[in-house]
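Worksheet: one structure, shown below.
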Amino acid sequence: MSSSRACAAQIKKYGGSDVVEINTNTPKPTISPGHIVVEVHAVGLNPSDWKIRQGYFSKGESKGEPPTTPLTLGGDFSGIVVEVGENVSDFKKNDAVYGTALTLAGGSGALAEFASANVKNVAFKPKNINHIEASALPLAGSSAVQALTEHMELSKCQKILIHGGAGGIGSFAIQLAKHLGAYVATTASTDDTAYVKTLGADTVIDYTKENFAELLKAYDAVYDTVGGETYKKSFKVLKSGGIIVSMLEKPDEALMKQYGVRAIAQGTLTNTAHLTELAKLVEAGAIKVHVDKIFPLEQAGEALSYLEKGHPKGKVVVEIQ
Ligand SMILES: NC(=O)c1ccc[n+]([C@@H]2O[C@H](COP(=O)([O-])OP(=O)(O)OC[C@H]3O[C@@H](n4cnc5c(N)ncnc54)[C@H](OP(=O)(O)O)[C@@H]3O)[C@@H](O)[C@H]2O)c1
């Protein structure tokens, strides 16, 4: 393979795991102003990655219509800077960095040997963890930081309910809430109850057997990573003046009025500020990364299916050799 060609996991049409192709002769991304090119060591997967594969985010195109050019999947990465674009002063060649190279965020896609990323979506990798662990952090960790510290301003002695505690976001949110001194209740399946306790959850509700809305009351905050009925039922758990932040649902004005609470729909910013804050929390030992399974790049399609259907505890990572 020439040095200007590289390996990448791409799609030419939307669909299931079978549409993911491993192309060994893709052009290495070219450098552009405000960007860096990174040798990718590991890629952390998020539900948005299989949703993009499925066509959920295709703009102006109907679901199922092919992308105009082969699309490299993946966003969250950890790796080493190999090229620096014009107007970039914070990073230099050989820096260890992490962040997102999601195509929707102006990157070239992370599931590749090399990726281009906008420096606004990059920070220095936490020093005390390896690339595999660091790649698992960007979107899910930034989500938890943004929701708990900015929207909720969660503090000591407050009570928070975190839905989906065993998931990517939930796993980081439980640890961050405990670090901030809050009391944490979480929902998880039977199989995941022991895992979420190891993360620090004080009360665990098995969502397959119990109704959280009947068990909890007067909570200061709810962090919803599930949506649907779970979102609607969560208003009942809040005290007047409380707050619900959802990763999936728009604020329900009627329920906000009925319960006298605030509701926010979060669009996570995987930006340098959040990533830097996250790195500090990881280096201080407040947040640990739990990687459920590691796949090679050749099995990127299987890795996305495992995240979608395999009920992982924590994160799924693709290692780029
Ligand atoms: N708005 C944004 O900017 C943004 C950013 C990031 C993510 N998101 C969205 O946020 C959601 C969560 O992301 P994630 O990375 O945490 O996903 P994830 O890793 O797939 O975790 C989701 C978790 O929710 C659990 N769950 C499913 N149904 C549940 C229920 N009824 N009650 C309680 N828990 C339940 C799952 O457990 P089981 O194994 O039992 O199914 C899983 O552990 C995704 O839909 C994602 O697309 C939005």
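The values are calculated or read from the model by the stated rules, or taken from the named source; none is laboratory data. No experiment lies behind these values; they were computed from the predicted model shown. Please note: Cβ atoms are built from the backbone with ideal geometry, for glycine as well, and neighbour counts cover all protein chains shown.
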Quick check on segment 269-278. Is at least one of its residues more than 23 Å from residue 106 (Cα to Cα) and surrounded by fewer than 19 Cβ atoms within 10 Å (Cβ to Cβ)? no
If residue 149 satisfies every condition in (1) of a type outside the set (Lys, Arg); (2) within 20 Å of residue 47 (Cβ to Cβ); (3) assigned by TED's automatic domain parsing to the domain that holds residue 180 but one, which is the exception? (2)
Tell me the residue from 319, 283 that is over 14 Å from the mean Cα position of the chain (by Cα), more than 11 Å from the ligand (Cβ to nearest atom) and more than 13 Å from residue 111 (Cβ to Cβ), please. 283
Residues of segment 217-227 classified as surrounded by 17 or more Cβ atoms within 10 Å (Cβ to Cβ) and either more than 13 Å from the ligand (Cβ to nearest atom) or among the charged types (D, E, K, R) (or both), total: 4
Select the helices (runs of 4 or more DSSP H) contained entirely in segment 202-321, then report the ones holding at least 1 residues which are among the aliphatic types (A, V, I, L, M). 212-215, 253-259, 272-283, 300-309
Pairing a residue in segment 155-167 that is within 14 Å of residue 215 (Cβ to Cβ) with any residue that is away from the ligand (no atom under 14 Å from the Cβ) and of a type in the set (Asp, Glu), where Cβ atoms lie under 7 Å and the two sit 6 or more apart in sequence or on different chains, gives 159/220
If residue 182 meets every condition in (1) within 18 Å of the chain's Cα centre (by Cα); (2) away from the ligand (no atom under 16 Å from the Cβ); (3) free of Cβ contacts under 8 Å to residues at least 40 places away in the same chain apart from one, which number is that one? (1)
Do we find a residue being modelled with pLDDT of 95 or more, surrounded by fewer than 24 Cβ atoms within 10 Å (Cβ to Cβ) and either outside the structural domain of residue 73 (by TED's automatic domain parsing) or more than 30 Å from residue 32 (Cα to Cα) (or both) anywhere in segment 105-118? no
Please go through segment 81-118 and give me each residue that is within 17 Å of the chain's Cα centre (by Cα) and assigned to a strand (DSSP E or B), ordered by number. 97, 98, 99, 100, 117
If I filter segment 153-160 for residues that are on the phi < 0 side of the Ramachandran plot, within 16 Å of the ligand (Cβ to nearest atom) and over 15 Å from the mean Cα position of the chain (by Cα), do I get at least one hit? yes
Mind listing whichever residues of segment 81-104 are modelled with pLDDT under 95 and of a type in the set (S, T, N, Q)? 103
Considering segment 232-268 alone, what residues qualify as being within 14 Å of the ligand (Cβ to nearest atom), surrounded by 22 or more Cβ atoms within 10 Å (Cβ to Cβ) and not aliphatic (A, V, I, L, M)? 234, 246
Members of segment 290-309 found to be over 17 Å from residue 50 (Cβ atoms) and within 13 Å of the ligand (Cβ to nearest atom), listed by number: 290, 291
Please find, within segment 171-212, the residue that is surrounded by the fewest Cβ atoms within 10 Å (Cβ to Cβ) out of those that are farther than 18 Å from residue 158 by Cα and of a type in the set (Gly, Ala, Ser). 194
